[in-house]
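The values are calculated or read from the model by the stated rules, or taken from the named source; none is laboratory data. Since the model is a prediction, treat every value here as computed from it, not as a measurement. Cβ: placed from backbone, ideal geometry, glycine included. Neighbour counts: every protein chain shown.
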Amino acid sequence: MSKLQAYFDRRVKELNAEILHKDAAALEMLLKNKEETKEKLSNEIAEAINLPELQAELKGILASASAKDKIKMPAKEGFLRH
């Protein structure tokens, strides 16, 4: 292997290591931002739920969802047999 080829191979490895390091740092920053955003949104939602008008709306939504769960679909012929 020539000196030029050895130098080239070494530089490629060094540059790849630098790129991987920068990518890892960028990913770490993205994860940190994601966690901070998630925490901020959780806090905002928790504060919003404590507002009386939103509590009433939430109760209505939950009641509506509960009512929908209780709706029975008519059995189709041959689908359900008793």
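Values computed for the structure shown
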quantity	calculated
Neighbours by Cβ (under 6 Å, 6+ apart or cross-chain): first from segment 51-66, on the phi < 0 side of the Ramachandran plot; second surrounded by 10 or more Cβ atoms within 10 Å (Cβ to Cβ)	LEU54/ALA48
Residues of segment 57-82 that turn out to be over 28 Å from the mean Cα position of the chain (by Cα) and modelled with pLDDT of 75 or more, as a count	0
Meets criteria (surrounded by 10 or more Cβ atoms within 10 Å (Cβ to Cβ) and not polar (S, T, N, Q)) for ALA46	no
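Every residue, every condition in (1) within 30 Å of LEU58 (Cα to Cα); (2) in contact with a His (Cβ under 6 Å, 6 or more places away or on another chain); (3) surrounded by 10 or more Cβ atoms within 10 Å (Cβ to Cβ), yes or no:
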| position | (1), (2), (3) |
| --- | --- |
| MET1 | no, no, no |
| ALA6 | no, no, yes |
| GLU14 | no, no, yes |
| LEU20 | no, no, yes |
| ASP23 | no, no, yes |
| LYS32 | no, no, yes |
| GLU35 | yes, no, yes |
| LEU41 | yes, no, yes |
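Residue-by-condition table, conditions (1) more than 27 Å from the chain's Cα centre (by Cα); (2) assigned to a loop (DSSP other than H, G, I, E, B); (3) modelled with pLDDT under 90:
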| site | (1), (2), (3) |
| --- | --- |
| ALA17 | yes, no, no |
| LEU20 | no, no, no |
| LEU27 | no, no, no |
| LYS34 | no, no, no |
| THR37 | no, no, no |
| ILE45 | no, no, yes |
